[in-house]
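Please treat every number below as a calculation from the coordinates, not as lab data. This structure is a prediction, so every number in the text was calculated from the model and none was measured. As a convention, Cβ positions derive from the backbone with ideal geometry for all residues, glycine included, and neighbour counts pool all protein chains shown.
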Amino acid sequence: MQHNRAQLQQLVSARFEKSILGPQAFFESNVESISKASLDMASRFHKGGRILTFGNGTSATDANHVSVEFVHPAIVGKRALPALSLCSDAAIFSSSVSEKNKANDLDFATLLEILSQPDDMGLGFSPDGCCENVLSALKRAKQLKLLTIGFVGKGGGGMSEADLDYLFAVDENDPFVEQEILETLYHILYESIHVFLDNNENLI
Amino acid sequence: MTEIKQADYQKLLYPFLHETGAVNSEQVLKAVQKSTLSKCQEVTNLREKTLDQCGEKLIDAGIAIAKSFSAGATLYAFGNGGSSTDAQNIVVDCISPPNSRWSSFPAVSLTSDIAVVTAVGNDVGFENIFVRPLIALGRKGDVALGLSTSGNSPNILAAMEQAKKQQMLTVAIAGYDGGELACSKAVDYCLIVPCDYVPRIQEAQATLYHSLLEIIQEVLQIQKKSAKGKQQSSNSIEPQ
C-alpha cells in the first residue's frame, strides 16, 4: 500500500494543532456563562431535578457520555446525580405513539413531555443547530419549564433563535474539534456542578 | 487512581475552598471560572504531549487499520462508561463519516447491544462482555479497537487477548501509563494519553481517534487513487 509518511505526519500535526489552538478562544469568551450554568444546574439538582440529554449521530454519543458522567462520576467520592440519555434505548427510539388516533414517531420532544418533571434540565446536542428533533425538544423543554442548554457548532443554527437559557456555540468549522471542545465543556460543567454542590450551604 | 490523588486535584484547582472561613457564591463563581481556563490549558498541553509521545505510533496504527479495511475487515470498538460512548462515536464516524469525501467502512460497537452485554455479564461475568461477541463475530484480519482510560480494565484486556487469538489486529487507546494494555503482548498498538485525570484523558483520546480516522481515510484514498492510476495506465496499453 502506497503512502507518504511525511504527508501523514503533516496530517497528524495539522489535526493536533487545530485541537490545541481551538479551545482557548471558546473558553475565554464563555467562561462566565459556563460558571453561571453550573450554578443554575447545581441548584436544579439540589431541588431534585434531573438531566435529560439528547442528540443525533455522534451527538447521541455525547448525550450518552454526559449522562454517565453524572450517574457514575469518574471523580472518586462524588455522589451520583440523576441523568438520563434519551438516545440509548433502541426500542423506544424506533417506536411510535398514538396521538389523536394518529401514530407519530416517538421523538425527543414527546419523550421529554412524558418523562420530564419541572425541575429537570434539557441538554440538546446538534452540530449545526438545525437538527429538527433536537430543536423541537429544546423548545418543548422550555415550555415545560425545564432549564434548557444547547450544545452547538458555528453560529448556533436554529438554536440561536430558540431562546434557550444557555447556548454554547463553538465557532469552529472542523466537526472533530467542535466535538472535542464540547466534550471539555460538559466535563467542566460536571466538575463545576460538584464544586457548587459540595459548597452548597449558602450558594444554591 | 487513588482517592488521595483526586482530592489533591480538587485542592489544586479550588485552593480557597479548602481554607477555613466563609464562602460565598461570588467567590465560588470566580474560582470555577479560573479553573475552567486552567482546565482548557491543561487539555491543550496534554494534546501536545500526546502528539510528541505517540504521533509515530498513531500513524503506524492508522496504516495497519487502513490495510485491514482494504482487505475487507470489520472494526469492532468497545470501552466502558464514557469510553463506551467513544467506541460508539468512532463507529458512527466510520459508518457515516462527517466529511462527504470520505468513504464508509464496516464498524460495529460492542457496547450498544444491551441484551448481549447483560446476558454475558450475568451468565459468565462482566470480564467477558466483549470477549463473547468477539468470538461470535470476529474473523481473522478484523480489527479490535478497545478504549480504557486506566489501561487496566479487565474486560478490555480479555477482549484484546481473545481478538489476538483470532488473529485480529488489536489497537488500544489508554491513559495513565497505558497500564496492562501497554505491556500486553496481545496488543499490536497501544496509544497512550499520558495523564492521570479521567476527563482530560478522554478529551485528548478524542483527538487521538479523530486523527486515527483521518489517517485511515487518507491512506485509503491514496491507495484508491493509485489503483485508479494503474488501471488507467494499463487500459492505455491495451490494444484498441
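Here the average projected area of the convex hull drawn through the C-alpha atoms of chain B stands at 17.7 nm².
Compute the normalised compactness of the range A:52-114: alpha-carbon radius of gyration over 2.2 N^0.38 Å, N being the residue count.
The range A:52-114 yields a ratio of 1.34.
Sorted ascending by nearby beta carbons within 10 Å, beginning with the fewest, A:H3, A:H72, A:H187 become A:H72, A:H3, A:H187.
Calculation over all alpha carbon pairs of the range A:23-198 in 10 angstrom steps from 0 returns a P(r) of 10, 40, 37, 11, 2, 0 percent.
Built from the Cα atoms of the range B:186-226, the convex hull projects on average onto 3.8 nm², one quarter of its surface area. Binning all Cα-Cα separations of the range A:1-69 at 10 Å, short to long from zero, yields these whole-percent fractions: 16, 23, 34, 16, 8, 3, 0.
The percentage of C-alpha pairs in the range B:22-119 whose separation is greater than 20 Å is 62%.
So for the range A:137-186, considering every pair of alpha-carbon atoms, how many percent are separated by more than 17 Å?
36
On a C-alpha basis, how far is the centre of the range B:41-105 from the centre of the range A:131-192 in Å? Whole number, if you could? If you average the Cα positions of each part, the centres end up 25 Å apart. The orientation-averaged projected area of the convex hull spanned by the Cα atoms of the range A:99-204 comes to 8.0 nm².
Residues in the range B:212-228 carry Karplus couplings, in order, of 4, 4, 5, 4, 4, 4, 4, 4, 6, 5, 4, 4, 4, 4, 5, 5, 4 Hz; the curve used is 6.51 cos²θ - 1.76 cosθ + 1.60 with θ = phi - 60°, and Gly or Pro positions show x. For the protein assembly as shown, what percent of Cα pairs sit more than 37 Å apart? Value for the protein assembly as shown (Cα pairs over 37 Å): 26 percent. Of the residues B:A73, B:A227, B:A159, the one that moves most in a GNM of chain B with alpha-carbon contacts below 10 Å is B:A227. Within the shell of other residues whose beta carbon sits under 13 angstrom from the beta carbon of A:S29, the net charge comes to -4, with Lys and Arg scored +1 and Asp and Glu -1.
Helical content of chain A, expressed as a calculated mean residue ellipticity at 222 nm, amounts to -17000 deg cm²/dmol (DSSP H runs of 4 or more residues, -39,500 (n - 2.57) each, divided by residue number, nearest 500).
For B:Q41, the shell of other residues with beta-carbons less than 12 Å away shows a net charge of +1, using +1 for Lys and Arg and -1 for Asp and Glu. Each Lys or Arg adds one and each Asp or Glu subtracts one; over the other residues with Cβ under 10 Å from the Cβ of A:E17, this totals +2.
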